[in-house]
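The values are calculated or read from the model by the stated rules, or taken from the named source; none is laboratory data. In this text the structure is predicted, and so the values were computed from the model without any measurement. Here Cβ is always computed from backbone atoms with ideal geometry, including for glycine, and neighbour counts include all displayed protein chains. Heavy atoms of the whole protein, side chains included, go into the accessibility calculation; ligands, DNA and RNA do not. Shrake-Rupley method; radii C 1.70, N 1.55, O 1.52, S 1.80 Å.
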Amino acid sequence: MSTAELAADALAGRLAPEVAPAPQGVPRRRRILGSATEPLPVRACSGEVLGRQVVVRHQERRPRELEAPSLRLTRRGRMLVSFVSVLVFGSAIAVLGLRIAGVLDSGPDFSSTVPVQVAPGQSLWSIAQETNPDQDPTLVIEKIAELNQLSGPADLTPGQTLQIPIAR
């Protein structure tokens with residue numbers, strides 16, 4: 001007989017002649033506890049009930065030391081990771097914004113100019129510091145070079161008159 005026929009006979013209440021009847025102490029149905037929406041308990045039909053020999057094959061399990069550890073974050077851990085990432089990206093955006101704002105800053109407003117005669121031993125740096133003490137000397141030197149068409153410090157000679165910008 002095939003397995004399907006044996007199962008059909010067992011369901012119909014007839015047992016195949018080579019299969020012994022089930023022991024009398026085992027109830028055929030279990031009482032279902034809980035609501036009707038819960039899944040029904042599944043009762044497996046083994047080969048022994050159908051008169052077949054059951055061969056159990058155990059899978060070899062790898063020891064826990066060899067298994068790759070899985071990272072599981074709790075809700076609190078996920079919230080912490082989210083907070084830290086928002087903090088890092090927010091800080092990066094703020095720093096980048098401040099950098100861009102600093103680059104786009106027009107610098108000091110040079111509203112007027114005054115003539116200054118270069119003395120022996122004076123440099124553009126010393127002239128910029130004397131005339132605009134509250135401003136960055138590099139910005140003042142750039143503006144002096146632009147106004148007087150100077151290409152480098154070698155163009156500066158004693159006795160030369162330069163137009164020096166004055167910032168407000």
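Data for the structure
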quantity	calculated
Residue 56, sole failed condition from (1) in a loop (DSSP other than H, G, I, E, B); (2) modelled with pLDDT under 90; (3) over 30 Å from residue 2 (Cα atoms); (4) of a type in the set (A, V, I, L, M, F, W, C)	(3)
Residue under evaluation residue 151, criteria (1) open to solvent by 100 Å² or more (accessible area, probe 1.4 Å); (2) modelled with pLDDT of 90 or more; (3) part of a loop (DSSP other than H, G, I, E, B), criterion not met	(2)
Residues located in the stretch 154-165, provided they are under 28 Å from residue 102 (Cα atoms) and either touching a Lys or Arg at 6+ places or on another chain (Cβ under 7 Å) or modelled with pLDDT under 90 (or both)	165
Filter pass, residue 87 being open to solvent by 90 Å² or more (accessible area, probe 1.4 Å) and either of a type in the set (Gly, Ala, Ser) or modelled with pLDDT of 90 or more (or both)	yes
Matching entry among 72, 168, 99 (being surrounded by 10 or more Cβ atoms within 10 Å (Cβ to Cβ) and modelled with pLDDT under 90)	99
Residue 111 of a type in the set (Ser, Thr, Tyr), more than 48 Å from the chain's Cα centre (by Cα) and surrounded by 12 or more Cβ atoms within 10 Å (Cβ to Cβ)	no
Selection count, the stretch 89-147, where residues are part of a helix (DSSP H, G or I) and among the small types (Gly, Ala, Ser)	10
